[in-house]
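The values are calculated or read from the model by the stated rules, or taken from the named source; none is laboratory data. These numbers were taken from a predicted model, which means no experiment stands behind them. Every residue, glycine as well, gets a Cβ built from its backbone with ideal geometry; the counts of neighbours run over all protein chains shown.
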Amino acid sequence: MHTSHPPRALDILVVDDHRETADALVWLLGTLGHKARPAYDGVDALQCVSARAPDLIIQDIHMPQMSGYEVARQVREGHAAQHVLLVAVTGFPKANTTALTREAGFDSLLLKPLGLPVLEQLLAKVASHRKDARSGLR
Amino acid sequence: MNDLAGRASLSPKQNRLLAALPEADYDRLSPSLELVPLPLGTAVYESGGRLGYVYFPTDCIVSLLYVTEEGPSAEIAMAGNEGLVGISLFMGGETTPSRAVVQNAGHAYRVSATVIKREFDRGGALHALLLRYTQALITQMSQTAVCNRHHSMEQQLCRWLLLSLDRLSSPTLEMTEALVADMLGVDGDGVAGATGMLQADGVIRYSAGGITVLDRPGLERRVCECYGVVKREVDRLLPAKDEQALRLAQFIVRHMEEILTEWDSFALTILPAAATMSPVSLRDHAKQILEAIAKDIQTHQTGQEQSDKSKGLARLLWDGETAAAAHGAGRHLSGFDLLQLGSEYRALRASVLRLWSLQAAQEHSLAFTDITRFNESVDQALAESIARYADEVSRSRDTFLAVLGHDLRSPLSAVSTLADYLLAPGVSEGKQLQAAVRIRRSATAMSAMVRDLLEYTRTQLGQGIPVAPQPSSIGQICETAQDEIRAAHPDCALLLETSGDLDGVFDAARLHQVLSNLLNNAIQHGAAGTPVFLTAHGENDTITLQVKNRGRSIPPDALQVIFNPLVRVGSTQADPDPRLSTSLGLGLFIAREIVLAHHGSIEVTSSDEGGTVFTLRLPRAS
């Protein structure tokens, strides 16, 4: 039977080496009704993913040590998080950024500053994607 | 050669003719050289006598004289280490009417008649040298004839003394007045008068069995032109007397230490930052650059290659970096500007050529070629250094822009998103407050970044960081910093320890900035769960502050440049230090500028056992 479900709380991982930024986004997502957690570097992020695969990863590209590209690659290579939606965020896009993000396995690229409408749009897309994926499995 | 030759002072190369021989010719002659002592008065050959040997004096003087039938004699010429005795052996005459007598005792290397004739007949370098010497000898003889005929006793005596001195290494001639009279072909009285005058004027002095010249310039002032004529001819015809004139390439290699020392001390004068680099690292590149230059000078260059090089078309070595390129990168890292880099090479050029010119006179055509090649080589090295330097500047700038874009855009993004949220309808007051707090945090971070940037720009424009010192207490400043850090990082342990008198005249706000920066760094990069230590100790005129954290140590090359701005160290390393590769790198630079503005000092040490320690020393009143 077809029922309309309330928007399900998404499990979101926010990865950014700037703590204030990561924390702000996590807080905001929490306010919007989702379960968000921050990671401040690539190693931390991958550990979080293997502990519990999120629905969505919002990943800052430019990070020290492990870059966002590297994190994406490793997430795609792992089996647990194959279906995670990977969104790259950057404040300094270059000519080859789009190509590089696609190669690394990201599903889309967003530019900073991240406005609220863009964020809500993204969350809606993830929610419907999740629903489709689940219906597909039946 | 016999054992006496072991002593350096009796090397055959003491003799100018032997020293001037090309290596191959010398090596061929050398086994036939026999060292013999020549005591005073020895007759090397007699009038009409057959010569068995040719003699190359090292430190004796032989007079060629003619004894008249009546008895009086006169010196025709003298031969010392500038030449040889026995030209008739190779000129073909075999015998000669004159006799050769040792006028000043010493040694000579003799070569048998057979060998010298054989070598002479080869027609090579020795042949040419011997002929030129003979010409110089003729000039000496001719001038002697004229001088004896036309010039005063005193002048003749001066000429004779000067010519003798040129052929000895000491200012004392083993002569008696009677012997001098014999040489000059006059009776004793004539000489006595002249020597008496010279003695009275303090130019010479008699001692036991010898005449010592006290005032050589005095002799040169009194002598006639004959001395100059003879000397100039000898110098013109025969190669330099001193150690064999080195080609520039050999000179550079042989005097490497001397050149590097001069270059080092110059580098230290042009930039204080250079003083933080250990002498070994400055020298590393310098030595390699010089060696490369010396090698380049020596390699044969075709006419085409020479022309190409002068037009800058020579191959710039990018494969496997040259020492010069690495030097350019290193200088950029140390904060040199292009003018300073250029000055370094100018100093190198000047040092090398100055030291080289102090050597004995060069053969002009060879020296000219050497200098041209040297200059080309140095220009090449400079071009490589500059190209690489410019590269590093671009790279730094790109990094700066990238990091700036990232560092500012991140908190800006948070502010933007949160502001949007605040504008949305139906947000509770509680949520509004929380959002506002987060906006404030991001804004503060951005504000600090912009402030750092502006201050950095100000230092680059030569204005330095302004400080307004007031009577204040370091203790108070430390406590304020501690409170702030604890509020921002509640789960981090920060231990403060103070002692001594901490009062003085400081810009409290600025020092607070420094401590904030150091403490934040320490917390961010210290090992998780370990405390950060802040200590302040006042003693006499100085207050010493230390910020210490445990954890992964900073590598030595990073330590050397850690206070330099916009430096991206470790990007080629497998494990780059995060402190340097993400931030703008301005915090520590500005911290140092503030400390310097207080006339203090700041340094850092880092090891795995001791942790990382920043030490500040501030004068109580600046």
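If only one of B:A508, B:A527, B:A522, B:A488 is surrounded by 16 or more Cβ atoms within 10 Å (Cβ to Cβ) and either farther than 13 Å from B:I474 by Cβ or among the basic types (K, R) (or both), which one is it? Can you show your working first?
On the way: B:A508 fails: either farther than 13 Å from B:I474 by Cβ or among the basic types (K, R) (or both); B:A527 fails: surrounded by 16 or more Cβ atoms within 10 Å (Cβ to Cβ); B:A488 fails: surrounded by 16 or more Cβ atoms within 10 Å (Cβ to Cβ).
On inspection, the qualifying residue turns out to be B:A522.
Pick from the range B:306-361 the residues that are of a type in the set (D, E, K, R) and not in a helix (DSSP H, G or I): which of them is modelled with the highest pLDDT? Before you say what the answer is, go through the steps one by one.
Of the range B:306-361, the ones of a type in the set (D, E, K, R) are B:308-309, B:311, B:315, B:319, B:321, B:331, B:337, B:344, B:346, B:349, B:354.
This time we only want the ones that are not in a helix (DSSP H, G or I), so: B:311, B:315, B:319, B:321, B:337.
On the way: B:K311: 61, B:R315: 50, B:D319: 45, B:E321: 70, B:D337: 77.
By that ranking, first place goes to B:D337.
Could you tell me which residue of the range B:400-430 is nearest to the other protein chains (Cβ to nearest Cβ), considering only residues that are charged (D, E, K, R) and under 60 Å from the mean Cα position of the chain (by Cα)?
Step one: filter the range B:400-430 for residues charged (D, E, K, R), giving B:407, B:409, B:420, B:429.
With under 60 Å from the mean Cα position of the chain (by Cα) added as a condition, the list becomes B:407, B:409.
Details: B:D407: 8, B:R409: 3 Å.
Among them, the one singled out is B:R409.
Considering the range B:106-128 alone, what residues qualify as being modelled with pLDDT under 90 and small (G, A, S)?
Matches in the range B:106-128: B:G123, B:G124, B:A125, B:A128.
Test B:Y389 against the criterion of being more than 14 Å from chain A (Cβ to nearest Cβ) and assigned to a helix (DSSP H, G or I), and give yes or no. It would help to see each step written out before you state the result.
On the way: more than 14 Å from chain A (Cβ to nearest Cβ): yes; assigned to a helix (DSSP H, G or I): yes.
Taking the combined requirement at face value, the residue satisfies it.
Name every residue in the range B:152-172 that is within 50 Å of the chain's Cα centre (by Cα), outside any helix (DSSP H, G or I) and surrounded by fewer than 22 Cβ atoms within 10 Å (Cβ to Cβ), in order of residue number.
We begin by selecting, within the range B:152-172, every residue within 50 Å of the chain's Cα centre (by Cα); these are B:154-172.
Now drop any that are not outside any helix (DSSP H, G or I), which leaves B:167-172.
The answer is B:L168, B:S169, B:S170, B:P171, B:T172.
Tell me whether the range B:463-482 contains one or more residues that are more than 10 Å from chain A (Cβ to nearest Cβ), in contact (Cβ under 8 Å) with a residue 40 or more places away in the chain and more than 49 Å from the chain's Cα centre (by Cα).
Checked the range B:463-482: at least one residue is more than 10 Å from chain A (Cβ to nearest Cβ), in contact (Cβ under 8 Å) with a residue 40 or more places away in the chain and more than 49 Å from the chain's Cα centre (by Cα).
B:I61 versus (1) touching a Phe, Trp or Tyr at 6+ places or on another chain (Cβ under 8 Å); (2) among the hydrophobic types (A, V, I, L, M, F, W, C); (3) crowded, with 22+ Cβ neighbours inside 10 Å; (4) in contact (Cβ under 8 Å) with a residue 60 or more places away in the chain: which is the lone unmet condition?
With (1) touching a Phe, Trp or Tyr at 6+ places or on another chain (Cβ under 8 Å); (2) among the hydrophobic types (A, V, I, L, M, F, W, C); (3) crowded, with 22+ Cβ neighbours inside 10 Å; (4) in contact (Cβ under 8 Å) with a residue 60 or more places away in the chain applied to B:I61, the lone miss is (1).
Consider A:E20 against the criteria (1) closer than 20 Å to B:R441 by Cα; (2) modelled with pLDDT of 90 or more: it satisfies all of them except one. Which criterion is unmet?
All conditions pass for A:E20, except number (2).
Quick one: which residue in B:I116, B:I138 is of a type in the set (A, V, I, L, M, F, W, C), surrounded by fewer than 16 Cβ atoms within 10 Å (Cβ to Cβ) and closer than 23 Å to B:A100 by Cα? Walk me through how you get there before you give the answer.
On the way: B:I116 fails: surrounded by fewer than 16 Cβ atoms within 10 Å (Cβ to Cβ).
Every option except B:I138 fails the conditions.
Kindly state which helices (runs of 4 or more DSSP H) lie completely within the range A:34-138 and contain at least 2 residues that are over 15 Å from the mean Cα position of the chain (by Cα). Working first, answer last.
On the way: elements: A:42-51, A:68-77, A:97-104, A:116-137.
Result: A:42-51, A:97-104, A:116-137.
Can you name every residue in the range A:103-115 that is in contact (Cβ under 8 Å) with a residue 40 or more places away in the chain and facing chain B (nearest Cβ under 9 Å)?
A:L114 - this is the single residue of the range A:103-115 that is in contact (Cβ under 8 Å) with a residue 40 or more places away in the chain and facing chain B (nearest Cβ under 9 Å).
In the range B:431-446, which residue that is of a type outside the set (K, R) and within 9 Å of chain A (Cβ to nearest Cβ) is surrounded by the most Cβ atoms within 10 Å (Cβ to Cβ)?
Just the residues of the range B:431-446 that are of a type outside the set (K, R), to begin with: B:432-437, B:439, B:442-446.
Now drop any that are not within 9 Å of chain A (Cβ to nearest Cβ), which leaves B:434-435, B:439, B:442, B:444-445.
Working: B:Q434: 18, B:A435: 21, B:I439: 21, B:S442: 24, B:T444: 13, B:A445: 20.
The qualifying residue surrounded by the most Cβ atoms within 10 Å (Cβ to Cβ) is B:S442.
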